[in-house]
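Contents: one structure, followed by commentary.
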Amino acid sequence: MKLDIYHDTLVAEIKKQAKIAVESNQIARRLKELLPKRLYQIKRDQDRERQQRRATMRLALTHKDYEKFLQEYVQVAAAAREARIQYETHLMLVYARQSLRAFRRR
């Protein structure tokens with residue numbers, strides 16, 4: 001992050017990162033809610049294919065589709081956290097500049 005960016009650019013970046021963080025959090029929350037449903041859907045599909053039910057949960061947890069879904073969730077959640085960190089960092093820079101201005105006036 002550049003420390004010498006203009007105030008208007010900084011405010012625009014704060015708004016952009018806040019919007020990304022909110023949207024990504026909403027998507028991540030929804031994906032997290034769908035996680036158990038996806039797992040049990042895979043388990044049910046495997047139950048239909050197999051007569052033995054002993055290891056179906058273990059097989060469902062290692063299924064490629066479930067791993068892809070988990071990977072998608074992790075990527076979206078990571079993007080949300082990164083945007084949140086960027087938002088807070090830029091906001092701290094604004095507050096630091098305001099504090100410096102107030103200190104220099106005295």
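Remarks
- Residue list for region 72-106, restricted to those being within 28 Å of Lys32 (Cα to Cα) and among the hydrophobic types (A, V, I, L, M, F, W, C): Val74, Val76, Ala77, Ala78, Ala79, Ala80, Ala83, Ile85
- Residue, farthest from Glu23 (Cα to Cα), within region 79-106, restricted to residues that are modelled with pLDDT of 85 or more, among the hydrophobic types (A, V, I, L, M, F, W, C) and out of contact with any Ser or Thr (no Cβ under 9 Å at 6 or more places or on another chain): Leu100
- In summary, Gln71 fulfils each of the numbered conditions (1) of a type in the set (S, T, N, Q); (2) loosely packed, with under 12 Cβ neighbours inside 10 Å; (3) over 15 Å from the mean Cα position of the chain (by Cα) with the single exception of condition (3).
- Residue match in region 21-43 (condition: of a type outside the set (Asp, Glu), assigned to a helix (DSSP H, G or I) and touching a residue at least 60 places away in the same chain (Cβ under 8 Å)): yes
- Looking only at region 17-28, and only at residues there that are surrounded by 13 or more Cβ atoms within 10 Å (Cβ to Cβ) and not hydrophobic (A, V, I, L, M, F, W, C), the one that is nearest to Ile85 (Cα to Cα): Gln17
- Residue within region 83-98 that is surrounded by 13 or more Cβ atoms within 10 Å (Cβ to Cβ) and farther than 30 Å from Ala12 by Cα present: no
- Counted residues, region 1-16 - those being surrounded by fewer than 11 Cβ atoms within 10 Å (Cβ to Cβ) and among the hydrophobic types (A, V, I, L, M, F, W, C): 2
The values are calculated or read from the model by the stated rules, or taken from the named source; none is laboratory data. Keep in mind the model is a prediction, meaning the values are calculated, not measured. Note that each Cβ is placed from the backbone with ideal geometry, even for glycine, and that neighbours are counted across all protein chains shown.
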